[in-house]
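S.K.: Please see the structure below; I have some questions.
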Amino acid sequence: MSKRIRIVQKYGGTSVGTPERIRAVAERIKRVHDQGHELAVVASAMSGETNRLLALGKGMSSAPSPRELDSLVSTGEQVSCALLAMALNDIGVPAVSLLGHQVRIQTDSSFGRARIQSIDVSRIERAFSERCVAVVAGFQGVDDDDNITTLGRGGSDTTGVAIAAAVRADVCEILTDVQGVYTTDPRVCPDAVKLDRISYDEMLELASLGAKVLQIRSVEFAKRYSVPVHVRSSFDDSEGTWVVPEEGSMEEILVSGVAFERDQAKVTVEGVPDSPGVAASLFVPLAEASVVIDMIVQNVGTDGHTDMTFTVAEADAASTRAIAEKVAKSVGARGVSTQSGLGKVSVVGLGMRNHAGVAARMFDVLAHEHINIRMISTSEIKISVVVDNDKVDAAVRALHSAFLGPDAKAVRESA
Ligand code: ADP
Ligand code: ASP
Ligand code: MG
């Protein structure tokens, strides 16, 4: 037998999407269990189930209580975990399903986007010592008042990595429906290439910019607690992508990935007085209304006035506009305009720290495709542009081909 290690495996929705898939996953778990390793498993809801439950709740009430919505959507994971534990028992693997409150995955009370504060590992440690597989429900926790909470879309990744950190696992395997982390979403760009390794920081950027293969909070946990994360396919045994601390050679790569997000809206407050406190008077009420703001751009003021533009998810556009109009009136701004149907495309790479020219090349590529750039934002290791929703795919493919395709070498050398 190879050295005994401690493994946490997280299976995503497609991986447990049907009874047949659950049986296949049980066989995979059995193989690891039979090798003598200590194994805990986190499961997502069967694919489509979380969306179905959300729609059911929203059909019941136009403004469902966030507490009840969490109570509702958390049931998807209860089903898949119980089914997986049954399938394991059937093939002779002792297994027990555990919900968030049974493990005690303690979170804050922000329903729909709760943060994990602590995990009681005693029940999982007991399962390890009894050679029983703990099958833990992803995505859910419990607050101080015993209310059920959920961790935001894609939150089972975070459950997996947080448990791996808490039990000091040797590896957290994220088993999903692609072979690993790619240079961009392989469903949008067929030329996307699987990465063998990616740094925590690059993965943080990609996840925050829309690459949903890992939820951003799972990468934050992995980085903070140095959990080695292995993203790989649940459909075969091939090696996937390791998310690891930065290595020297990573800096040599100018652009490591292209990420995108659809369905964004841009809100502009026009003719805002250019004086201290005006930005706060706009963004404080938006924060209080739990609106997540993405890019913010303030123009250079002329005649004591300026324009302030920011982006939000399209779903928040109407409520954002209502708040912005109220603020505009109270600070004496000229008015508010909004534009929906936008998307954001970003290029990410550690190598950008030391190279000029990436932005210029990016804008040139988009110009060639006749894609209009509506906003730009940069950081040390990424450049993002806002474009029309229906141009997102073309922008992703063109940028991927320029920076990461077969002809990209010349670009790297000239930058
Ligand atoms: P799971 O249900 O296993 O959690 P998700 O659908 O949440 O799976 O995440 C996997 C999906 O992420 C892939 O099917 C792919 O379409 C998408 N994706 C987006 N960007 C990337 C990327 N850079 N690398 C791999 N997959 C990506
Ligand atoms: N089931 C949840 C979702 O669809 C959590 C997850 O799959 O990670 O977002
Ligand atoms: Mg996911």
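S.K.: If you count, for each residue, the other Cβ atoms within 10 Å and average over each peptide, how do 123-129, 215-221 line up from highest to lowest?
M.R.: Output ranking for 123-129, 215-221: 215-221, 123-129.
S.K.: Evaluate the charge dipole of the range 255-338 about its Cα centre and quote only its size in Debye, nearest 20, assuming +1 on the Cβ of each Lys and Arg and -1 on the Cβ of each Asp and Glu.
M.R.: Result for the range 255-338 is approximately 160 debye, rounded to the nearest 20.
S.K.: Output wanted: per-residue J couplings in Hz (rounded whole) for the range 63-77, from phi through Karplus 6.51 cos²θ - 1.76 cosθ + 1.60, θ = phi - 60°, x for Gly and Pro.
M.R.: 9, x, 4, x, 5, 6, 4, 5, 4, 5, 6, 5, 5, x, 6
S.K.: Moving on. Report relative contact order for the range 329-392 in percent, whole number only (criteria: Cα-Cα under 8 Å, sequence separation at least 6).
M.R.: Answer for the range 329-392 is 45 percent.
S.K.: Per the Cauchy relation, a quarter of the hull surface: what is the mean projected area of the convex hull of the alpha carbons in the range 257-322, in nm²?
M.R.: So the Cα hull casts an average projection of 5.4 nm².
S.K.: As an exercise, use a Förster radius of 30 Å and the Cβ-Cβ distance of LYS326 and ASP303 to find the FRET efficiency, rounded to the nearest 0.05.
M.R.: Result of the calculation: an efficiency of 0.80.
S.K.: Run the numbers on the chain and let me know its relative contact order in percent, using alpha-carbon pairs under 8 Å that are six or more apart.
M.R.: 13
S.K.: Name the lysines eligible as straight-distance cross-link partners of LYS326: C-alpha to C-alpha under 21 Å, and not fewer than 8 places from it in the same chain.
M.R.: LYS266
S.K.: Full-extension gain between ASP274 and SER249, please, as 0.36 nm times their residue separation minus the C-alpha to C-alpha distance.
M.R.: So the chain would gain 4.4 nm between ASP274 and SER249.
S.K.: Let me ask another. Find the Cα radius of gyration of the range 1-118, compare it with 2.2 N^0.38 Å by division, and give the number to two decimals.
M.R.: 1.20
S.K.: Do the sum for the chain: with -39,500 (n - 2.57) for every DSSP H run of n ≥ 4, divided by all residues, what is the mean residue ellipticity at 222 nm, to the nearest 500 deg cm²/dmol?
M.R.: Helix contribution divided over all residues of the chain: -11000 deg cm²/dmol.
S.K.: Also, quick follow-up: Compare the peptides 21-29, 84-92, 256-264 by average per-residue count of other Cβ atoms within 10 angstrom and give them in order, highest first.
M.R.: Per-residue mean Cβ counts within 10 Å order the peptides as 256-264, 21-29, 84-92.
S.K.: Then there is this: Quick one: of the DSSP bridges fully inside the chain, what percent are antiparallel, nearest 5?
M.R.: So the antiparallel bridges in the chain amount to around 60 percent.
S.K.: While we're here: Can you give the Rg to Rh ratio of the range 260-415, both from alpha-carbon atoms, with Rh computed by the Kirkwood formula?
M.R.: A ratio of 1.04.
S.K.: Taking θ = phi - 60°, what integer Hz values does the Karplus form 6.51 cos²θ - 1.76 cosθ + 1.60 yield along the range 135-145, in sequence order, with x for Gly and Pro?
M.R.: My calculation for the range 135-145 gives 9, 9, 5, x, 6, 10, x, 9, 8, 4, 9 Hz in order.
S.K.: Here's something else I'd like to know. If packing is taken as the average count of other Cβ atoms within 10 Å, what order do 274-285, 31-42, 54-65, 308-319 fall into, highest mean first?
M.R.: Per-residue Cβ counts within 10 Å, averaged per peptide and sorted highest first, yield 31-42, 308-319, 274-285, 54-65.
S.K.: Which whole-Hz couplings ³J(HN,Hα) result when phi for each residue of the range 83-98 is put into the Karplus expression 6.51 cos²θ - 1.76 cosθ + 1.60, θ = phi - 60°, listed in order with x for Gly and Pro?
M.R.: Taking θ as phi minus 60°, the curve returns 4, 5, 4, 4, 4, 5, 4, 4, 9, x, 9, x, 8, 9, 7, 9 Hz for the range 83-98.
S.K.: Which ordering of CYS81, CYS132 is given by a fewest-first count of other beta-carbon atoms within 10 Å?
M.R.: Exposure proxy ranking, most exposed first: CYS132, CYS81.
S.K.: Given +1 on the Cβ of Lys and Arg, -1 on the Cβ of Asp and Glu, and no further charges, what dipole in debye does the range 58-184 carry about its Cα centre, rounded to the nearest 20?
M.R.: Computed about the Cα centre, the dipole is about 100 debye.
S.K.: Starting from the Cα of ASN372, step 7 Å along the direction of its Cβ; do the same at ARG104; then give the gap between the two resulting points in nm.
M.R.: Distance between the two pseudo-spin positions: 5.8 nm.
S.K.: Still on this structure, please answer the following. Relative contact order of the range 1-134: what whole-number percent is it, with Cα pairs under 8 angstrom and at least 6 residues apart?
M.R.: Worked out over the range 1-134, it gives 24 percent.
S.K.: Which is farthest toward the positive dipole end of the chain among LEU72, ILE116, LEU84, measuring Cα position about the Cα centre, with Cβ charges +1 (Lys, Arg) and -1 (Asp, Glu)?
M.R.: Positive-end residue among those listed: LEU84.
Read-outs throughout are calculated quantities, based only on the coordinates presented, and are distinct from any laboratory measurement. Bear in mind that the values here come from a model prediction, so they are computed numbers and not experimental data. Glycine also receives a Cβ, built like all others from the backbone with ideal geometry; neighbour counts cover every protein chain displayed.
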